[in-house]
Amino acid sequence: MTAQRNGIVGESKITNHIIDCLSFIPLFDGLSPADLRIVAKHMHFIEVDEGELVFEEGEPGDYVCFVASGSLEVIKESSKGERAALATLSRGRSIGEMALIDEFPRSATVIAKTRATLITLSRSNFNLILANHPQAGVPVLKGLSRLLSMNLRKTSGQLANLMLSYE
């Protein structure tokens, strides 16, 4: 019985730590404390060292990462095989959101720029949240949609600027 209690206490501490970290991520702002706890119970921590590959462009993806500490570099390969650093992500930012929505390969490579702690949410766990706790999952889905929409608008603006610079 003691081992079970320690496991529950340990799980509760991890869940509370995840909740603390999620408080820095705007995507979760609209969730009630109870719904935030539901989502947090479906998430996991991973630690990555400086220079460590988080995921690579073209590989299958089935989870999103939220940066709890440290920083990540997002790299995209051009059609000529050249690599360009697109962004540096720090605490509160996310990467891999599309993996929760679709089953296409990763669209970029992500490498830890510094030692980092990431919180992950897998597609299967996200689907469980949506099915079993829609009051928690739907606001997260809407937040993901807004985030992806903002990213698309930003990218469209950058493309337009680039195209105009070649005229």
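Which entries of Lys80/Lys113; Lys13/Lys154; Lys41/Lys113 have Cα-Cα distances beyond 32 Å here?
Over 32 Å apart, Cα to Cα: Lys13/Lys154.
From the protein chains alone at 1.4 Å, what is the descending order of accessible area for Asp29, Asp35, largest first?
Asp29, Asp35
With angles folded into 0 to 90 degrees, how steeply does helix 2-22 sit against the dominant principal axis of the chain? Use alpha carbons for both and round to 10.
The answer is roughly 40 degrees.
For Thr120, Thr114, Thr155, give me the order by solvent-accessible area with a 1.4 Å probe, most accessible first, ignoring ligands, DNA and RNA.
Solvent-accessible surface, decreasing: Thr155, Thr114, Thr120.
Given springs between every Cα pair under 10 Å in a Gaussian network model of the chain, which of Gly143, Gly61, Gly157 has the largest fluctuation?
Most flexible of the set in this elastic network: Gly157.
Expressed as a whole percentage, what fraction of the accessible surface of region 1-131 belongs to carbon and sulfur atoms when a 1.4 Å probe is rolled over the protein heavy atoms?
With neighbouring chains kept in place, the figure for region 1-131 is 54 percent.
Between Ser90 and Leu162, what is the FRET efficiency for a Förster distance of 30 Å, r being their Cβ-Cβ separation, to the nearest 0.05?
Rounded to the nearest 0.05, the efficiency is 0.75.
Averaged per residue, what accessible surface does the chain expose to a 1.4 Å probe, in Å²?
Computed with neighbouring chains in place, this is 61 Å² per residue.
With angles folded into 0 to 90 degrees, how steeply does helix 134-165 sit against the dominant principal axis of the chain? Use alpha carbons for both and round to 10.
Around 20 degrees separate the two axes.
In a Gaussian network model over the chain where Cα atoms closer than 10 Å are linked, find which of Ser69, Ser90, Ser79 has the largest mean-square fluctuation.
Sorting by GNM fluctuation, first place goes to Ser79.
At a 1.4 Å probe radius, which order do Phe45, Phe28, Phe104 fall into by accessible area, largest first?
Phe104, Phe45, Phe28
Taking the chain as the reference, fit the longest principal axis to its C-alpha atoms, fit the long axis of helix 123-132 to the helix C-alpha atoms, and give the angle between the two in degrees, 0 to 90, nearest 10.
Taking the Cα atoms of the chain, the angle to 123-132 is about 50 degrees.
The values are calculated or read from the model by the stated rules, or taken from the named source; none is laboratory data. Please read these numbers as outputs of a predicted model, since none were measured by experiment. For neighbour counting, all protein chains shown are included, and Cβ atoms are generated from backbone atoms with ideal geometry for every residue, glycine included. With ligands, DNA and RNA removed, areas are computed over all heavy atoms of the protein, side chains included. Shrake-Rupley method; radii C 1.70, N 1.55, O 1.52, S 1.80 Å.
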